[in-house]
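Read-outs throughout are calculated quantities, based only on the coordinates presented, and are distinct from any laboratory measurement. None of these values were measured; they are calculated from a predicted model. Positions of Cβ are generated from backbone atoms using ideal geometry, with glycine treated the same way; all protein chains shown enter the neighbour counts.
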Amino acid sequence: MNFIVQGRNSAVMVLMGAIALTSTSLSFHPQPAQAQTAPTRSTTVANNPAIADLAAHLKKVGAKMYGAFWCPHCTRQKEMFGAVFRNIDYVECDPRGENPRPNLCRDAGIKGYPTWSVNGKQLVGVQSFEELAEASNFKGSRKF
């Protein structure tokens with residue numbers, strides 16, 4: 001019995017030592033401050049005038065995106081546009097969200113998020129730039 005307890009204690013000590021050694025070795029090898037990283041989607045969007053032109057066009061033709069602040073698909077759609085999403089007419093459907101307009105969602109018959117209203121048609125779900133360009137008759141560059 002004493003051998004089993006001692007064996008367990010030794011195993012625990014070895015495990016604790018391995019954890020301590022690993023965490024100590026990690027702390028002595030910091031990453032360089034100027035590490036090279038791949039461009040993020042937002043920097044790619046910021047450098048793509050076709051996306052900015054599409055956002056401006058969607059606003060011009062009266063397109064709207066209906067969504068809810070808690071909706072992960074809505075967040076994904078917003079992130080696709082990056083900073084130019086501010087040009088999109090976004091309608092918050094949840095009364096708890098920022099600048100909510102649930103009455104507009106109800107009147108439009110919105111059943112799921114995100115839903116785009118473009119040229120009298122409803123497009124449900126995350127839409128690609130190409131799908132939005134097609135639905136809105138966008139004539140600009142499609143090098144999204």
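For region 62-77, putting each phi into the Karplus relation 6.51 cos²θ - 1.76 cosθ + 1.60 with θ = phi - 60° gives couplings of x, 5, 10, 10, 9, x, 9, 4, 8, 7, x, 6, 5, 4, 4, 5 Hz, in residue order, rounded to whole numbers and with x for Gly and Pro. Across q = 0.10, 0.16, 0.21 Å⁻¹, region 41-135 modelled as identical point scatterers on its alpha-carbon atoms has Debye log10 I(q)/I(0) values of -0.23, -0.61, -1.05, in the order of the q list.
Each of residue 130 and residue 107 was given a label point 7 Å from its Cα along the Cα-to-Cβ line. The distance between the two points is 3.6 nm. Amide hydrogen proximity for residue 91: with H placed 1.01 Å from N in the peptide plane, the residues at 5 or more positions away or on another chain lying under 5 Å are 65, 66, 67. Net charge of the neighbourhood of residue 62, taken over other residues with C-beta under 13 Å away and scored Lys/Arg +1, Asp/Glu -1, is +3.
Taking 0.36 nm per residue of sequence separation and removing the Cα-Cα distance, the residue 141/residue 47 pair yields an extension gain of 32.5 nm. Listed values for region 108-123 are Karplus-derived 3J(HN,Hα) couplings in whole Hz (6.51 cos²θ - 1.76 cosθ + 1.60, θ = phi - 60°), namely 7, x, 5, 10, x, 10, x, 10, 9, 10, 9, 6, x, 10, 9, 10, and x replaces Gly and Pro.
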